[in-house]
1. Return yes or no: is residue A:87 aliphatic (A, V, I, L, M), part of a loop (DSSP other than H, G, I, E, B) and over 30 Å from residue B:78 (Cβ atoms)?
2. Would you confirm whether or not the stretch A:145-168 contains a residue that is in a helix (DSSP H, G or I), of a type outside the set (Gly, Ala, Ser), within 16 Å of residue A:118 (Cα to Cα) and in contact with a Ser or Thr (Cβ under 6 Å, 6 or more places away or on another chain)?
3. Name, by its number, the condition in (1) within 27 Å of residue A:17 (Cα to Cα); (2) surrounded by fewer than 13 Cβ atoms within 10 Å (Cβ to Cβ) that does not hold for residue A:123.
4. Report yes if some residue within the stretch A:34-46 is within 14 Å of chain B (Cβ to nearest Cβ) and not acidic (Asp, Glu); otherwise report no.
5. When you go through (1) touching a residue at least 60 places away in the same chain (Cβ under 8 Å); (2) surrounded by 21 or more Cβ atoms within 10 Å (Cβ to Cβ) one by one for residue A:19, which number turns out not to apply?
6. Only one of B:71, B:90, B:107 is within 16 Å of ligand 1 (Cβ to nearest atom), within 13 Å of chain A (Cβ to nearest Cβ) and at pLDDT below 90; which?
7. One residue is enough: does the stretch B:38-49 have a residue meeting the conditions more than 10 Å from chain A (Cβ to nearest Cβ), at pLDDT 75 or above and within 15 Å of ligand 2 (Cβ to nearest atom)?
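The values are calculated or read from the model by the stated rules, or taken from the named source; none is laboratory data. Note that this is a predicted model, so its numbers are computed, not measured. A quick note on method: Cβ atoms are made from the backbone with ideal geometry, for glycine too, and the neighbour counts reach across all protein chains shown.
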Amino acid sequence: MANIAAQRIKREFKEVIKSEEVAKCAIRVELLNDCYTELRGEIAGPPDTPYEGGTFVLDIKVPETYPFNPPKVKFLTKIWHPNISSVTGAICLDILKDQWAAAMTLRTVLLSLQALLSAAEPDDPQDAVVAKQYKENNEMFQITARHWTNVYAGGPNVNKDCDDKIKTLADMGVEEHQARVALSSYDWELQRATEQLFS
Amino acid sequence: MSGVTENLKSSQEPNKERQDPDSSDTPDEEKKDDRIFECNICLDTAKDAVVSMCGHLFCWPCLHQWLETRPNRQVCPVCKASISKEKVVPLYGRGSSKQEDPREKVPPRPAGQRTEPEPGSAFSGFGFADNGFHMSFGIGAFPFGFFTSTFNFGDARPTAAARGTQQHMEEQFLSKIFLWMAILFVAWLLLA
Ligand SMILES: [Zn+2]
Ligand SMILES: [Zn+2]
């Protein structure tokens with residue numbers, strides 16, 4: 001019966017390859033091993049979001065009990081989003097947990113994740129800091145998410161102000177990503193970020 | 001019997017191979033036709049097919065495992081409508097079912113529900129004879145009531161089961177069991 005998992009991923013893999021979303025470069029799947037248990041997914045940041053123009057890489061692990069249980073998916077590309085951990089890439093999405101249904105496929109999972117990037121659910125957060133910013137200072141959230149997309153996902157929008165502040169902290173000996181996290185968490189206030197880093 | 005099945009199987013094998021979606025030389029058109037009979041869980045052609053009340057097709061073993069995985073959330077794997085084991089309809093396609101009875105497999109597939117048409121007046125006589133047969137068990141003179149009823153039963157049948165058929169054997173077996181029960185009952189009465 002465990003064979004059903006490999007058999008299904010095989011079929012799904014072909015389905016994704018032939019799908020129109022792949023033709024439009026919106027999603028992509030790649031096999032990492034011959035036994036169809038580990039895959040690499042890719043989704044394009046949806047238009048009219050801070051993620052536009054970025055490519056987000058996902059780690060997909062297929063359990064032996066698939067498709068009766070959902071695949072384990074997390075973001076490998078660092079992303080600033082209320083429902084995705086900015087630290088681990090863990091995703092809070094109901095269909096990857098209790099709302100999973102056996103007829104869902106790699107394709108529907110990737111499309112759901114893309115939809116999650118378009119419509120965050122800050123009331124069911126994975127990353128509390130991001131969710132708080134999303135709700136209380138949405139403008140700052142948009143700036144931060146777009147900056148992260150530029151730096152980690154190859155997005156086109158360079159933010160000079162963000163880069164300068166990170167450089168300032170880097171000159172003080174702070175590691176670049178650490179500086180970015182601190183600044184992002186404190187609405188890009190250099191003073192507060194510095195305090196937090198050196199306290 | 002098994003030889004025939006074996007032959008049938010082997011003659012179908014190359015055909016099956018050709019329709020396998022894995023083989024790259026299959027035309028896309030043909031594949032699309034096959035896909036509507038694919039199980040929504042294993043994505044293969046549905047085996048021991050059942051259909052939910054919401055109209056979604058599954059292999060019975062696949063759906064059964066899905067329902068077992070989430071006992072407290074029984075929903076359709078496709079549309080998430082609530083479903084239950086009792087409310088799925090088995091599909092008996094022509095030529096699709098193998099010779100073996102699917103109910104002998106684990107887990108057993110739920111049987112189709114069919115309502116018998118209203119019995120015509122010509123058949124009511126048999127109905128009564130049948131009732132008489134069952135009622136005679138309640139009478140005190142059990143062994144005698146039993147024998148008479150068996151003979152009545154035999155007479156009332158429009159066509160007695162032919163010798164050597166499955167039905168005949170079963171009847172023989174049953175009457176033997178009842179005979180022994182009767183003997184034991186009498187013995188018990190005498191001893192008590
Ligand atoms: Zn199936
Ligand atoms: Zn359904």
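1. Details: aliphatic (A, V, I, L, M): yes; part of a loop (DSSP other than H, G, I, E, B): yes; over 30 Å from residue B:78 (Cβ atoms): yes.
Yes: the conditions hold for residue A:87.
2. Our first condition is that a residue be in a helix (DSSP H, G or I); within the stretch A:145-168, this holds for A:145-152, A:160-168.
Retained after the next criterion (residues that are of a type outside the set (Gly, Ala, Ser)): A:146-152, A:160-168.
Now restrict to residues that are within 16 Å of residue A:118 (Cα to Cα): A:146, A:148-149.
When the remaining residues are screened for being in contact with a Ser or Thr (Cβ under 6 Å, 6 or more places away or on another chain), the result is none.
No, the stretch A:145-168 has no match at all.
3. (1)
4. The first filter runs over the stretch A:34-46 and keeps only residues within 14 Å of chain B (Cβ to nearest Cβ), leaving A:36.
Restricting the remaining residues to those that are not acidic (Asp, Glu) gives A:36.
Yes, that holds for at least one residue.
5. (2)
6. Values: B:71 fails: within 16 Å of ligand 1 (Cβ to nearest atom); B:90 fails: within 13 Å of chain A (Cβ to nearest Cβ).
None of the others qualify; the one that does is B:107.
7. Going through the stretch B:38-49, the residues more than 10 Å from chain A (Cβ to nearest Cβ) turn out to be B:45-49.
Right, trim to at pLDDT 75 or above and you get B:45-49.
Then drop every residue that is not within 15 Å of ligand 2 (Cβ to nearest atom), which leaves B:46, B:49.
Yes, that holds for at least one residue.
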